[in-house]
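Heads up, the thing below is written out as structure tokens.
The values are calculated or read from the model by the stated rules, or taken from the named source; none is laboratory data. Since the structure is predicted, the reported quantities are computational estimates derived from the model, not experimental observations. Heads up, the Cβs are rebuilt from the backbone with ideal geometry, glycines too, and the neighbour counts pull from every protein chain shown. Calculation scope for accessible area: heavy atoms of the full protein, side chains included, ligands and nucleic acids excluded. Shrake-Rupley method; radii C 1.70, N 1.55, O 1.52, S 1.80 Å.
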Amino acid sequence: MRVRQDLALRVIEAIQAAQTIGVLPEFEIPTVVIEKPRDPSFGDYACPTAMQMTRLARMAPMKIAEAIANYMPEVEYIDSASLAPPGFVNFRLTAGFLQGQVEEILALGLNYGSFNLGDGRRAQVEFVSANPTGPLGVHRGRGGVMGDTLARAMEAASFDVTREYYFNNAGRQMEMLGESLNIRYRQALGQGAELGGDHYQGDYLYWIALVLVGQYGDSLLEKPREFFSKIAEETIFASIRATLKRLNIVFDVYYNEDDLYTSGRVWEALDELRLKGYAYEKDGAYWFKSSELGDEKDRVLIKSGGEPTYRMADIAYHWHKSERGFDLVVDIFGADHHATAPTVMMGVKAMGQDPDFVHVLIHQFVTLIREGEQVRMSTRRGHFVTLDELLDEVGPDAVRYFMLSRSGNSTIDFDMDLAVEQSDKNPVYYVQNAHVRCAGIFRKWDEAGLPAEADQDADLSLLTHENELAFLRKALELTETLELMVTQYEPHHIAFYAYELAALFHPTYETCRVLHSEVPEPLRLARLRFYRAAKQLFARVLDLMGMSAPEVM
RNA sequence: GCCCCAGUAGCUCAAAGGAUAGAGCGCCGGACUUCUAAUCCGUAGGUUGGGGGUUCGAGUCCCUCCUGGGGUGCCA
């Protein structure tokens, strides 16, 4: 259940009731917000609406708050509604409702916390979208993790999500790639050949060339450039997919930019822009009159050589997105690509579509830190740390967690030493260890030969320890966290939630023992039930982050 | 020049316009014959970059200035 949403409705009922009676004057009720008080001693939820209504009601905020509290309908999960200056109405959850979360978690399993916001509407998350010209770098990894995690949250919010990867395997880029591999091939054969400045410098092409030499000798020397382009693309794309798979990222659709040309959609989009008066010819090229839509200058759509720019293709691509029936589209770009998005949105708008169905999510860079020093990553010389290398060094769980551990607006200093440290300093282990500790209890229980289903009818009202209740309160926050992620397009919240949940778990584990002899039998069974739910909840949260939930570490 | 992001505890960062701005690390002081201490408990630490404004209420919104990073192609 979405407690905040439900409480907001009840508060509206209270205001309406007070208005009917005449305790409050008639006025249009503003949006009622329910928030979490910073200080838990105030309660579990708070409503500041009375203060917003002082002008509307022409009454002192405390008087309004009093009216709300007095006319609140009976809410079964609320223990008390209290007032606090300057006009808060605070609510406290009943212990019974919190204890009930144990069964709720166990019944819903990997669906706990899910809620209906999307109502089955179709959403697309487009991310990574690197062209197959080389291995993924770490900052693509950030986009990948953010996109996949946001997609998971949107699925939990009842959206029908398509994960899409948009790429270009045509044009000059692929020509250069093919030439580069051709040169590397000749180098691998011991022939003199040098890469030009525009060629791809990374040594990964040399490794591909070595494999070619091993398999085919020099029999490929007469093959055309297209042959090498194809080999390079296929090999690199396979490795990109493999890298993403390691990160638990799988795409539903790989959308090839080339399809936009072969289907003629690019030209249709151009015609559409011309028809609407937003495209014109000048100097042998076609230009987008984007300056009329707020851009600082017009942009080239079709180069004088007849080839469309990436911008033209992007506009056609987004035009197609709405035609494909997506109600909501999230595009995830690194900060290095953020400048292109506004023009594309202008193009969508120019063609008569509401660009608001697209949300562009920009993330900042990732800096790798090793032994306190920044790891130099020079893309120009091809000496950059690849995502694969990072995965080799710290493992997928750490990559997923750390990429989520900052707001997308902040740069990440990825501490590679911390990421592999096996202690409570490392949040990855700290969170996963909570799951491990739960698993340990059940392992011990089984080893003692005790019945596996013993806790099935446990008396959960015995879970009265403040630590247990605090943990269950936090469990209830999962829905709110998911809602925040989806509505604000901020996937990082799940990492903070996971950490906070673990930070409430560990003290509970220390204080609320299960198997110790001094724990009376009914309480033992209630706690066993509690830890069964806790384990399930950590499995759920780790799954939302795309991380593994180990039984033992 | 213009655009985007950031500036919050010594460090790395949270904070959905609400109450006394929170965590972790580090520092200092405690706790292991453990349901694996890969953990817990406690202390200290702040003019939210500067200045103005809007609001009952601003780290959050507006204006302005400063500092750092990124972007600003008929490259993608």
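What is the distance in Å between the Cα centres of region A:5-71 and region A:230-262?
53 Å
Can you give the FRET efficiency to the nearest 0.05 for A:Glu234 and A:Tyr310, using r as the Cβ-Cβ distance and R₀ = 25 Å?
Numbers: r = 22 Å, r/R0 = 0.88.
For R0 = 25 Å, the calculated efficiency reads 0.70.
Taking 0.36 nm per intervening residue step and subtracting the Cα-Cα distance, what contour gain separates A:Ser517 from A:Tyr280 on full extension?
Answer, rounded to one decimal: 77.0 nm.
I need the peptides A:7-15, A:220-228 ranked by packing, meaning the mean over residues of other C-beta atoms within 10 angstrom, with the highest value on top. It would help to have the intermediate numbers written out before the result.
Details: A:7-15: 20.0, A:220-228: 14.3.
Going by the mean number of other Cβ atoms within 10 Å, highest first, we get A:7-15, A:220-228.
Near the amide H of A:His492, under 5 Å away, which other amide H atoms are found, from residues 5 or more places off or on another chain, if H is placed in the peptide plane?
A:Gly408
How big is the charge dipole of chain A about its Cα centre, in debye rounded to the nearest 20, if each Lys and Arg gets +1 on its Cβ and each Asp and Glu gets -1 on its Cβ? Write down the numbers at each step before the final one.
Details: 55 positive and 80 negative charges, 109 e Å.
It comes to approximately 520 debye.
Which whole-Hz ³J(HN,Hα) couplings does region A:82-99 yield from phi under the Karplus relation 6.51 cos²θ - 1.76 cosθ + 1.60, θ = phi - 60°, glycine and proline marked x?
10, 9, 8, x, x, x, 7, 10, 10, 10, 10, 6, 6, 4, x, 5, 5, 4
Given +1 on the Cβ of Lys and Arg, -1 on the Cβ of Asp and Glu, and no further charges, what dipole in debye does region A:172-246 carry about its Cα centre, rounded to the nearest 20? If you can, show how the numbers build up before the last one.
On the way: 9 positive and 10 negative charges, 73 e Å.
Computed about the Cα centre, the dipole is about 360 debye.
In Å², what does the accessible area per residue of region A:423-544 work out to with a 1.4 Å probe?
Working: 4890 Å² over 122 residues.
I get 40 Å² per residue for this part.
Using mean Cβ contacts within 10 Å as the protection proxy, how do A:34-45, A:179-190 order, highest first? Walk me through the numbers on the way to the answer.
Numbers: A:34-45: 14.8, A:179-190: 21.1.
Output ranking for A:34-45, A:179-190: A:179-190, A:34-45.
Just from its helices, what would the mean residue ellipticity at 222 nm be for chain A, if runs of 4 or more DSSP H residues each count -39500 (n - 2.57) and the sum is divided by every residue, rounded to the nearest 500 deg cm²/dmol? Numbers along the way, then the final one.
On the way: 20 runs with 273 residues, N = 553.
Calculated at 222 nm, the ellipticity per residue is -16000 deg cm²/dmol.
First compute the accessible area of chain A with a 1.4 Å probe, then give the percent of it belonging to carbon and sulfur atoms. Intermediate results must be reported in sequence, preceding the final value.
Working: 12010 of 24920 Å².
About 48 percent, which is the carbon plus sulfur part of the accessible surface.
Each residue of region A:182-193 in order: what ³J(HN,Hα) in whole Hz does its phi give by Karplus 6.51 cos²θ - 1.76 cosθ + 1.60, θ = phi - 60°, with x for Gly and Pro?
4, 5, 4, 4, 5, 4, 5, 8, x, 8, x, 7
Considering only Cα-Cα distances, which of the following residue pairs are longer than 20 Å: A:Lys474/A:Lys535; A:Lys36/A:Lys474; A:Lys276/A:Lys349; A:Lys321/A:Lys349; A:Lys444/A:Lys474?
Working: A:Lys474/A:Lys535 14 Å; A:Lys36/A:Lys474 11 Å; A:Lys276/A:Lys349 11 Å; A:Lys321/A:Lys349 13 Å; A:Lys444/A:Lys474 27 Å.
In this structure, A:Lys444/A:Lys474 lie more than 20 Å apart at Cα.
Work out how far the C-alpha atoms of chain A reach from end to end along every principal axis, then list the three figures in whole Å, largest first.
If we take the Cα atoms of chain A, the spans are 83, 66, 40 Å.
Sort largest first and round to whole Å: the equivalent ellipsoid semi-axes of region A:123-215, each the square root of five times a Cα gyration tensor eigenvalue. Each step should come with its number before you reach the end.
Values: eigenvalues 272, 31, 23 Å².
In descending order the semi-axes read 37, 12, 11 Å.
Given a Förster distance of 30 angstrom, what is the FRET efficiency for A:Thr20 paired with A:Asp119, based on the Cβ-Cβ distance and rounded to 0.05?
Numbers: r = 32 Å, r/R0 = 1.07.
For R0 = 30 Å, the calculated efficiency reads 0.40.
What list of ³J(HN,Hα) couplings, whole Hz, do you get for region A:268-284 from phi and the Karplus terms 6.51, -1.76, 1.60, once you set θ to phi - 60° and write x for glycine and proline?
Result, ordered by residue: 4, 5, 4, 4, 4, 5, 5, 4, 7, x, 10, 10, 8, 9, 7, 6, x Hz.
Residues with amide H under 5 Å of A:Thr367's amide H, sequence separation 5 or more or different chain, H placed in the peptide plane at 1.01 Å from N; which?
Long-range HN contacts for A:Thr367: A:Ile412, A:Asp413, A:Phe414.
For region A:423-544, with equal point scatterers placed on the C-alpha atoms only and solvent neglected, what are the log10 I(q)/I(0) values from the Debye formula at q = 0.12 1/Å, to two decimals?
Log-scaled intensity ratios, in q order: -0.46.
Can you figure out the FRET efficiency of A:Asp198 with A:Arg38, using R₀ = 60 Å and their beta-carbon distance, to the nearest 0.05? All intermediate terms of the calculation are to be shown ahead of the outcome.
Numbers: r = 56 Å, r/R0 = 0.93.
Efficiency computed from Cβ-Cβ geometry: 0.60.
Once the Cα gyration tensor of region A:172-246 is found, what semi-axes does its equivalent ellipsoid get, as square roots of 5 times the eigenvalues, in whole Å, sorted largest first? Working shown, then result.
Details: eigenvalues 76, 41, 27 Å².
Value: 20, 14, 12 Å, ordered largest first.
How much length, in nm to one decimal, is gained on full extension between A:Phe227 and A:Arg172, taken as 0.36 nm per residue of separation minus their Cα-Cα distance?
Values: separation 55, 0.36 × 55 = 19.80 nm, distance 1.47 nm.
Contour length minus the Cα-Cα distance gives 18.3 nm.
In square angstrom, rounded to the nearest 10, how much accessible surface does A:Met351 have for a 1.4 Å probe?
My reading of the accessible area for A:Met351 is about 10 Å².
Test of the criteria: in region A:248-300, which GluC sites (Glu not before Pro) are in a DSSP loop and have at most 16 other Cβ atoms within 10 angstrom of their Cβ? Before the final figure, lay out the partial values.
Numbers: sites: A:Glu257, A:Glu268, A:Glu272, A:Glu281, A:Glu292, A:Glu296; in loops: A:Glu296.
Listed in order of number, the matching sites are A:Glu296.
Less than 17 Å apart at the alpha-carbon level, and either on another chain or at least 8 residues along: which aspartates and glutamates does that give for A:Lys297?
A:Glu281, A:Asp283
Extension gain A:Thr411-A:Ala503, at 0.36 nm per residue separation less the Cα-Cα distance, in nm?
Details: separation 92, 0.36 × 92 = 33.12 nm, distance 2.49 nm.
Gain in length upon complete extension: 30.6 nm.
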